[in-house]
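> My questions all concern the structure below.
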Amino acid sequence: VLIGVIISTAVLAAALMIGDSVKYSLQDIINKRLAKTHVILKSHSRFFPADLSSRLSENTKLDVAPLLILKGIASADNNELRIPDVQIIGFDSVFSKFTNDQFIQLEDNEVILNEKLAEDLNLSENDDLLIRIEKAGFVSLNAPFVPDDENTVSIRMTVRSILSPEQYGNFHLKTDQITPHNVFISHKVLSGKFFEDSYANTLLLAENDLTKEELTHALADIWSSRDMNLHFRMIENQNSLELVSDRIFIEQSISELLQSSGYNAKPVFSYLVNFIRANNKETPYSFAAALSDTSIYKLNNDEIIINEWTAKDLNAKIGDSLELEY
């Protein structure tokens, strides 16, 4: 009995020690990766104006840091090594509040690396780094009309400094134990490579006591159509507004919301047509638009309307048959 008690006590004590050790290790990884981040707002496929962070900060009285996080490939001039799946992080001055001022402001040609990437590429401070960054834009690269070539942008930068895990060099939104390869770059520079204005896809919020519902309401208070890449514009001579999307397509949920709002919204679906053919003639690269029913035109399923320019180009008249290729 005495031996059994001793063995059982040893097993339980060891299990508790290991459990505490694993819990501490995982917590330590999270603290080093997320710094003082308490809430993360991340868009997986959208890019929103970076000033959403300042508007949300003003509404919640919290520090809110905008980040533009993209994927890329890194290589060095002093060797032939290439590292894929590198995390490119565009940050601004607010990010330093989350990392105890470990991140200094960079010149346009400077980057910060974490120790893991610097070691794997054998890089030191003031060395040159070549980065190939996956293109970012409002339209997904998987869209069928997006060309497959030139889907990356290459830039050459100088290593300003190298940060250890304790200096938050391993910043990452994932909680796995794989050490990331990180490149930190000026948000202005990174966003300027792909957008005319400043855009982000991630917001970090500092520690706070707000609930998820309160944060959601705070975001809803300052949210606008521009944050969803939507824009209103007047249609001349029709006394009506047009809602267009930088992402080309508007989600069905938004379309349904507008149609049920009492604004008499009419959806239009436009798509690129490779050729319009008639009378042994063809007009290349045009747009076809599927219109909602209007009081002016009532089309049957086998009818189409073309503009005067297309009719002259194809020598087409009312009653002729057309062929569309798209």
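The values are calculated or read from the model by the stated rules, or taken from the named source; none is laboratory data. Since this is a predicted model, take the numbers as computed values, not measurements. So basically every Cβ, Gly included, is an ideal-geometry build from the backbone, and we count neighbours across all protein chains shown. In case anyone asks, the SASA skips ligands and DNA or RNA and just uses the protein heavy atoms, side chains included. Shrake-Rupley method; radii C 1.70, N 1.55, O 1.52, S 1.80 Å.
> Top mean-square fluctuation among His217, His231, His181, Gaussian network model of the chain, C-alpha springs under 10 Å?
Top of the fluctuation ranking is His217.
> Calculated from DSSP H runs of 4 or more alone, at -39500 (n - 2.57) each and per residue, what is the 222 nm mean residue ellipticity of the chain, nearest 500?
When only DSSP H runs of four or more count, the value is -7500 deg cm²/dmol.
> Taking only Cα atoms of the stretch 94-252, what ratio of Rg to Rh do you get with Rh as the Kirkwood inverse-distance radius?
1.04
> Based on the Cα coordinates of the stretch 257-326, what is the per residue volume of their convex hull in Å³?
Here the figure is 112 Å³ per residue.
> Nearest 5 is fine: what % of DSSP beta bridges in the chain come out antiparallel, could you say?
Within the chain, antiparallel bridges account for around 85 percent of the total.
> Could you sort out which of Lys188/Lys212; Lys116/Lys174; Lys71/Lys188; Lys71/Lys135; Lys266/Lys317 sit more than 20 Å apart by Cα distance in this structure?
Pairs exceeding 20 Å: Lys188/Lys212; Lys266/Lys317.
> I want to check the label-to-label distance for Asn300 and Asn151. Put each point 7 Å from Cα in the C-beta direction and report it in nm to one decimal.
According to this spin-label approximation, the distance is 4.4 nm.
> Rounded to the nearest 10 Å², what accessible area does Glu58 show when all protein chains are kept and the probe is 1.4 Å?
130
> Would you tell me the accessible area of Lys266, worked out with a 1.4 angstrom probe on the heavy atoms of the protein chains, in Å² to the nearest 10?
Surface accessible to solvent at Lys266 totals approximately 120 Å².
> Moving on. Mind checking the log10 I(q)/I(0) for the chain at q = 0.07, 0.10, 0.13, 0.16 Å⁻¹? Debye, one equal scatterer per Cα, no solvent, two decimals.
Listed by q, the Debye log ratios stand at -0.47, -0.79, -1.05, -1.32.
> For the full complex of protein chains and a 1.4 angstrom probe, list Thr158, Thr283, Thr216 by accessible area with the highest value first.
The ranking, largest first, comes out as Thr216, Thr158, Thr283.
> For a quick check, take a GNM of the chain with Cα springs below 10 Å and name the residue from Glu196, Glu303, Glu207 with the largest mean-square fluctuation.
Of Glu196, Glu303, Glu207, the most mobile in the Gaussian network model is Glu303.
> What does the extension gain come out to for Glu325 and Val268, with contour length at 0.36 nm per residue minus their alpha carbon separation?
Full extension of this stretch gives 18.6 nm more.
> Quick one: give the max-minus-min coordinate of the C-alpha atoms of the stretch 1-142 along each principal axis, largest first, in Å.
Result, largest extent first: 71, 49, 36 Å.
> Hey, which aspartates and glutamates would be in cross-link range of Lys61, C-alpha to C-alpha under 16 Å, not counting anything within fewer than 8 residues on its own chain?
Cα-Cα hits under 16 Å: Asp51, Glu207, Asp209, Glu214, Asp221.
> Hey, what D do you get for the stretch 178-236 in µm²/s if you plug the Kirkwood alpha-carbon radius into Stokes-Einstein at 10 °C and 1.306 mPa s?
After rounding, the answer is 104 µm²/s.
> Find the relative contact order for the stretch 42-118 and round it to a whole percent, using C-alpha pairs within less than 8 Å whose residues are 6+ positions apart.
Answer for the stretch 42-118 is 21 percent.
> Hey, another quick one. Need one number: nm distance between label points at Gln259 and His38, each 7 Å from Cα along Cα→Cβ, rounded to one decimal.
4.3
> Using a Gaussian network model of the chain with C-alpha springs under 10 Å, which one of Leu163, Leu68, Leu299 is most mobile by mean-square fluctuation?
Of the options given, Leu299 has the highest mean-square fluctuation.
> Based on the alpha-carbon set only, what is the convex hull volume of the stretch 159-212 divided per residue, in Å³?
Given the Cα convex hull of the stretch 159-212, per-residue volume reads 154 Å³.
> Could you work out the relative contact order of the stretch 114-247, using alpha carbon pairs under 8 angstrom and six or more residues apart, expressed as a whole percent?
Contact order relative to length: 23 percent.
> Relative contact order for the chain using alpha-carbon pairs under 8 Å, separation at least 6, rounded to a whole percent?
20
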